[in-house]
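The values are calculated or read from the model by the stated rules, or taken from the named source; none is laboratory data. Everything quoted here is computed from the prediction, not taken from an experiment. When we count neighbours, we look across all protein chains shown, and the Cβ atoms used for this are built from the backbone with ideal geometry, even at glycine.
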Amino acid sequence: MSVLEVTRTVSVEVDELVGFDEIEEAAVAFARSAPGQLVGGIVESLTETLLEMVVGRRRHPTAPSDQLEAPWSCTRENCENRRGFRRRGFRSSDRKLQAVCGGVSFRTAQVECLRCGRRFAPVLGLLGLRPYQRRTDRLTGLTTALATEVAYGKAARFLSELTGMRVSPRTIRHDVITSAPDRLGSGVVEIPILLLDGTGERAGDMLRGTNLHLALGLVARRRRGRRVECSVKLLGATLDEKWDAMGRLLENVQPGLILLDGEGPISDMVAERFPDIPVQRCLWHLARGMAYTAWREGASKTLRGELRTLLSDLLADAHRQRDVPEAHTAYRELIDEMEARGVPRTARYLKTAETEVFTFIDHPDAGRLVFGDKGRPELATGVLERVMRELNRRTDVGVRWSIQGCRALLMLKLARKYHHTQWPWNHPATNPPKVRFRLVT
């Protein structure tokens, strides 16, 4: 098909001298309606050009024997004829679509198959439109992406204010629930660092809600100026399921190091699924857990501060000297000092974590998590903690979610955030573009 050019004239009428605000308002209203009208005009022009090439001009049809093979086929089952059609006018009502560019309306031309007598509109299939479709997939993806950031009602209001398209909150919620997967997983992945953690969500009938479990792969950490950028891959996400389900999702993942906060269920899953992979305890959680245990044991605020300082200095020395036996000796001396100062439960807490504290010295792969030269190790699940806070901000809206609704929203938000393959609205860019718009002056 040769290049088709569609030109429309823009007319601007000004009744009297007006302010800039009125001009701006009129321009915005025009910008909301003009793209949809242009798209409708393009569809009708494309349809007319295509039918002239295959079937012939109106009232001057091409003989069936001389017709080209059509780019469409008859829609009747077992017919699938591709040559021999005639025009049959237009459908009684225009086809209307809601799209990102606005409301689109166009006449639908029909043809008749001379073999079986079937009458249909070939352009709909060529445009990729489904039967009874009233909204484009791109608009559905836009509304769903907006709903992962703000409440459904607010998403509908923002969409109306910014684009003029009216989609109800109920419709947006329906799109989220019907398009979201139950869980997110990954295929065979070799990843330097595997981060595991969970957070609570206000969903379900239980008083304390339910658990969201996450697995992220930390690929790299780079400094750009004063900022640190992390390259992260989503490896798994489950809601209202035990850590065993996460273990099944990670069956084919091959990490070089696992970083966790020391929770029992996570450690049990890691020991079963990854028995030969080194494990590093999050040092921020280690210090926080030590202080919390000392508080539960009745230690004073001064003592808790001293213990955190001693632990921080110990880890900084181990990071600088890289001497594993000396680090373990200093660690056991700290445990003995805690017992001597009357906090035996805190001492037992540190003793339990000892095998996972100095992994960053034993295994060079852990060095990927050490960034900068601050004289102390930066081994923590901070990347994962920030993600969980972001998810909690979206769901903590003062109401209790259903398990289904919370799961659907979080799975879609995660899939979109990490460009996961299960995000259902991926639109690869065409290069070069087949359609070009420009203003003619």
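Report, by residue number, each residue of the stretch 247-261 that is in contact (Cβ under 8 Å) with a residue 40 or more places away in the chain and either of a type in the set (Ser, Thr, Tyr) or out of contact with any helix residue (DSSP H, G or I) (no Cβ under 6 Å at 6 or more places or on another chain) (or both). Show your work before the answer.
Going residue by residue through the stretch 247-261, those that are in contact (Cβ under 8 Å) with a residue 40 or more places away in the chain are 249-250, 252-261.
Hits for the stretch 247-261 are 249, 250, 252, 253, 254, 255, 259.
Scan the stretch 265-272 and give yes if some residue there is in the same structural domain as residue 233 (by TED's automatic domain parsing), touching a residue at least 24 places away in the same chain (Cβ under 8 Å) and closer than 20 Å to residue 362 by Cβ, otherwise no. Don't jump to the end; show me each part of the working.
Filtering the stretch 265-272 for residues in the same structural domain as residue 233 (by TED's automatic domain parsing) gives 265-272.
Subsequent filtering for residues that are touching a residue at least 24 places away in the same chain (Cβ under 8 Å) retains 266, 268-270, 272.
Filter once more, keeping what is closer than 20 Å to residue 362 by Cβ: 270.
Yes, the conditions are met somewhere in the stretch 265-272.
Among the residues of the stretch 142-177, count how many are among the small types (Gly, Ala, Ser) and within 21 Å of residue 31 (Cα to Cα). Write out each step before concluding.
Residues of the stretch 142-177 among the small types (Gly, Ala, Ser): 145, 147, 151, 153, 155-156, 160, 164, 168.
Imposing the further condition that a residue be within 21 Å of residue 31 (Cα to Cα) reduces the set to 155-156, 160, 164.
Residues meeting the conditions: 4.
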With the condition kept exactly as written, say whether any residue in the stretch 177-197 is surrounded by fewer than 18 Cβ atoms within 10 Å (Cβ to Cβ), free of Cβ contacts under 8 Å to residues at least 60 places away in the same chain and among the hydrophobic types (A, V, I, L, M, F, W, C).
no
Exactly one of 341, 308 is under 40 Å from the mean Cα position of the chain (by Cα) and over 14 Å from residue 357 (Cβ atoms), and that residue is 308
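Being β-branched (Val, Ile, Thr) and assigned to a helix (DSSP H, G or I) is the filter here; which residues of the stretch 164-186 pass it?
If the condition is that a residue be β-branched (Val, Ile, Thr) and assigned to a helix (DSSP H, G or I), then 171, 172, 176, 177, 178 are the ones that fit.
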Please work out which one of (1) over 29 Å from residue 434 (Cβ atoms); (2) in contact with a strand residue (DSSP E or B) (Cβ under 7 Å, 6 or more places away or on another chain) is the condition residue 22 fails and give its number.
(2)
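Could you name every one of the strands (runs of 3 or more DSSP E) located completely within the stretch 65-138 that has at least 3 residues being small (Gly, Ala, Ser)? Reasoning before the result, please.
Numbers: elements: 85-90, 95-99, 102-106, 109-113.
Fully inside the stretch 65-138 and qualifying: 102-106.
Select from the stretch 386-424 the residues that are part of a loop (DSSP other than H, G, I, E, B) and touching an Asp or Glu at 6+ places or on another chain (Cβ under 6 Å) and list them in ascending order. Outline the logic, then answer.
So the first thing to find is which residues in the stretch 386-424 are part of a loop (DSSP other than H, G, I, E, B), and the list is 396-400, 402, 418-424.
Scanning the stretch 386-424 gives no hits.
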In the stretch 261-284, how many are at pLDDT 90 or above and in a helix (DSSP H, G or I)?
9
Pick from 50, 17: which is at pLDDT 90 or above and hydrophobic (A, V, I, L, M, F, W, C)?
50
Does residue 350 fit the bill of being of a type outside the set (S, T, N, Q), surrounded by 17 or more Cβ atoms within 10 Å (Cβ to Cβ), modelled with pLDDT under 90 and closer than 30 Å to residue 245 by Cα?
no
Could we say that residue 372 is of a type in the set (Gly, Ala, Ser), at positive phi and either at pLDDT below 85 or touching a Ser or Thr at 6+ places or on another chain (Cβ under 8 Å) (or both) here?
yes
Residues satisfying the stated conditions in the stretch 201-229, i.e. in a strand (DSSP E or B) and either touching a residue at least 40 places away in the same chain (Cβ under 8 Å) or not assigned by TED's automatic domain parsing to the domain that holds residue 241 (or both)
201, 203, 210, 212, 214, 216, 218, 220, 221, 223, 228
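Kindly evaluate residue 237 against the criterion of being of a type in the set (Gly, Ala, Ser), surrounded by 17 or more Cβ atoms within 10 Å (Cβ to Cβ), more than 20 Å from residue 354 (Cβ to Cβ) and touching a Leu at 6+ places or on another chain (Cβ under 7 Å).
Numbers: of a type in the set (Gly, Ala, Ser): yes; surrounded by 17 or more Cβ atoms within 10 Å (Cβ to Cβ): yes; more than 20 Å from residue 354 (Cβ to Cβ): yes; touching a Leu at 6+ places or on another chain (Cβ under 7 Å): yes.
Yes: the conditions hold for residue 237.
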Collect the residues in the stretch 6-60 that are out of contact with any helix residue (DSSP H, G or I) (no Cβ under 9 Å at 6 or more places or on another chain), loosely packed, with under 11 Cβ neighbours inside 10 Å and part of a loop (DSSP other than H, G, I, E, B), keeping them in residue-number order.
7, 9, 11, 13, 15, 16, 17, 19, 59
Every residue in the stretch 98-115 that is farther than 22 Å from residue 74 by Cα and of a type in the set (A, V, I, L, M), please.
99, 100, 104
If residue 157 passes every condition in (1) surrounded by 21 or more Cβ atoms within 10 Å (Cβ to Cβ); (2) over 16 Å from the mean Cα position of the chain (by Cα) but one, which one does it miss?
(1)
